[in-house]
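Reviewing the structure listed below.
The values are calculated or read from the model by the stated rules, or taken from the named source; none is laboratory data. Predicted model only: the values in this text are computed from it and were never measured. Every residue, glycine as well, gets a Cβ built from its backbone with ideal geometry; the counts of neighbours run over all protein chains shown.
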Amino acid sequence: MIAFCFCSVYEKLTDGETYGRRKPGIGSGTTEPVTRDVATLSMMIDLRRVDDREHLLLASYAMHSRDTAGRMRPELAHGYRGPYARDRDRVLHSSAFRRLSGKMQVFTGEMGEYHRTRLTHTLEVASVARTIARTLRLNEDLTETLALLHDIGHPPYGHCGEDVLAEVLGPWGGFSHNQFAITIVTELEQRYTDFPGLNLTMEVLSGQDTRAHKAAATVGRSALLEVQIVDLADSITYDAHDVDDALQMGMIEFGELAKLNIIARTSEQVQRRYGNLPLNRRRQALVHELVDLQIGDLLSASTELLHCIEGQSSDEIRGAGLRLGHSTEVAQERAELEAYLFESVYRHPRLVAIREAARSRLGELLEGLIERPDRLPLRFRTRGTEVGTPRSVGDYLAGMTDRFCDAQHLYFTTHPVGPLTDW
Ligand code: MG
């Protein structure tokens, strides 16, 4: 696991800190930094202030911004954004986030125009996670940041790209997209002159680190509830949209799917509500019901759990190992659905053929560049002297979009000399 230096308290509220507040009598759009007067502020509630807003809206067990452990490199508090809102904006404006639009989720561009990309999947996860966080009175800014970040480390060609990288890089520590997300936001993103990476808060980094060590996260001290919510929102989202995409592409049939308990239940609900619908409308209504059912179940199970711990802090409930999840019934039904999707969709012959071709291109480029590091872009040749050539080649390839990887593979295999292009 990565070791963080919990040394910064700059974004905690301290006496004399400057804050952006509107001056009385000046137009609503005008702000200017003023010195905070602790005695005055203790008597007033100003919902523009992050801590006031959170005090009113968040539960005791949410991660409050005032309790942040800060950043590796301390920064002064922002005038009107809390630390997690700043993190969200940093992730959203990163080049790695933009590249998610060119990375496949499950299906590739060769298979149609309807299905999700890694970017739209991420936005759907953020939407579901925020809804859950708001309902449970958790920190929405932190939840949204974690959701936008959660898949940022995915290599090209989805899970097949990850398999190739993990296999070839095995002797040098393997590859994990969750771990690579941390490498991106701490080392590879270049947005600030003073330091590499995005200098995100410790809560965001350790939340992503939890994803990289999921097995360890199931025992003992639990992850922040905001971290748990994003993990649950991720699987709720992909279960539903993979059903939608696979049905739309004709890879699976309603009849087969309806043999699953969770689909039978949601189909009955659709039938009761709308009667007989045309196939497309039926598919859309089914997916809405599927998302609603899972979120509703999670909220109901969580509300019951959280009701008993009202008044406890985020740190206290983590120490007690509190873990949110679905009811037993829905958890079993979801497991059945996921097993079906694994066999019938993720192993569908159309997908396997495309995946095999992608696997071979990526493998060829990966092994080729490890042998010929002189063909790396300058930044990754330099990085190779710090982290070793195989790791640097892996970082270079893992950051690519599907199309960019295709283009670099073509150049590498048709031009015997010359560096490839940086992303
Ligand atoms: Mg995901």
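A few notes on this one:
- Here the helices (runs of 4 or more DSSP H) wholly within the stretch 227-340 that include at least 1 residues being of a type in the set (Val, Ile, Thr) are 261-274, 279-307, 314-319.
- Within the stretch 95-112, considering residues that are assigned to a helix (DSSP H, G or I), among the aliphatic types (A, V, I, L, M) and more than 12 Å from the ligand (Cβ to nearest atom), the one farthest from Thr401 (Cα to Cα): Met111
Listed here are the residues, each with its yes/no results for (1) outside any helix (DSSP H, G or I); (2) within 16 Å of the ligand (Cβ to nearest atom); (3) buried (at least 23 other Cβ atoms within 10 Å of the Cβ); (4) among the basic types (Lys, Arg).
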site	(1), (2), (3), (4)
Tyr114	yes, no, no, no
Glu124	no, yes, no, no
Thr131	no, no, no, no
Leu138	yes, no, yes, no
Ala147	no, yes, yes, no
Gly153	yes, yes, yes, no
Tyr192	yes, no, no, no
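- Among the numbered conditions (1) away from the ligand (no atom under 13 Å from the Cβ); (2) out of contact with any Leu (no Cβ under 9 Å at 6 or more places or on another chain); (3) in a helix (DSSP H, G or I), the only one that Gly220 does not meet is (3).
- Taken together, Tyr80, Tyr61 contain a single residue that is at pLDDT below 95, at negative phi and either among the β-branched types (Val, Ile, Thr) or not in a helix (DSSP H, G or I) (or both), which is Tyr80.
- Only one of the numbered conditions (1) in contact with a Ser or Thr (Cβ under 7 Å, 6 or more places away or on another chain); (2) away from the ligand (no atom under 16 Å from the Cβ); (3) under 24 Å from Phe342 (Cβ atoms) is not met by Val230, and that is (2).
- Of all residues in the stretch 94-144, those satisfying the criterion of being under 20 Å from Val185 (Cα atoms), of a type in the set (D, E, K, R) and touching a Lys or Arg at 6+ places or on another chain (Cβ under 7 Å) are Lys103, Arg118, Asp141, Glu144.
- Within the set Ile309, Ile295, the sole residue that is more than 15 Å from Ile132 (Cβ to Cβ) and touching a residue at least 24 places away in the same chain (Cβ under 8 Å) turns out to be Ile309.
- All positions within the stretch 187-202 that are out of contact with any Leu (no Cβ under 6 Å at 6 or more places or on another chain) and in contact (Cβ under 8 Å) with a residue 60 or more places away in the chain: Leu188, Arg191, Asp194, Phe195, Leu198, Asn199, Leu200, Thr201, Met202
For (1) farther than 18 Å from Glu189 by Cα; (2) free of Cβ contacts under 8 Å to residues at least 60 places away in the same chain, each residue gets a yes or a no:
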residue	(1), (2)
Leu341	yes, no
Gly363	yes, no
Ser392	no, yes
Pro416	yes, yes
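- Candidate set: the stretch 268-287, residues that are within 16 Å of Met249 (Cα to Cα) and aliphatic (A, V, I, L, M); chosen: the one surrounded by the fewest Cβ atoms within 10 Å (Cβ to Cβ): Leu279
- Any hit, the stretch 84-91, residues being modelled with pLDDT of 95 or more, in contact with a helix residue (DSSP H, G or I) (Cβ under 6 Å, 6 or more places away or on another chain) and within 16 Å of the ligand (Cβ to nearest atom): yes
- Tally of residues being out of contact with any helix residue (DSSP H, G or I) (no Cβ under 9 Å at 6 or more places or on another chain) and among the hydroxyl-bearing types (Ser, Thr, Tyr) across the stretch 139-175: 0
- Against the list (1) touching a Cys at 6+ places or on another chain (Cβ under 8 Å); (2) within 16 Å of the ligand (Cβ to nearest atom), the condition Pro74 fails is (2).
- Of all the listed residues (Thr401, Thr421, Thr389, Thr382), the sole one being out of contact with any helix residue (DSSP H, G or I) (no Cβ under 7 Å at 6 or more places or on another chain), of a type in the set (Val, Ile, Thr) and at pLDDT 95 or above is Thr382.
- In summary, Tyr238 fulfils each of the numbered conditions (1) surrounded by fewer than 19 Cβ atoms within 10 Å (Cβ to Cβ); (2) within 16 Å of the ligand (Cβ to nearest atom); (3) of a type outside the set (Lys, Arg) with the single exception of condition (1).
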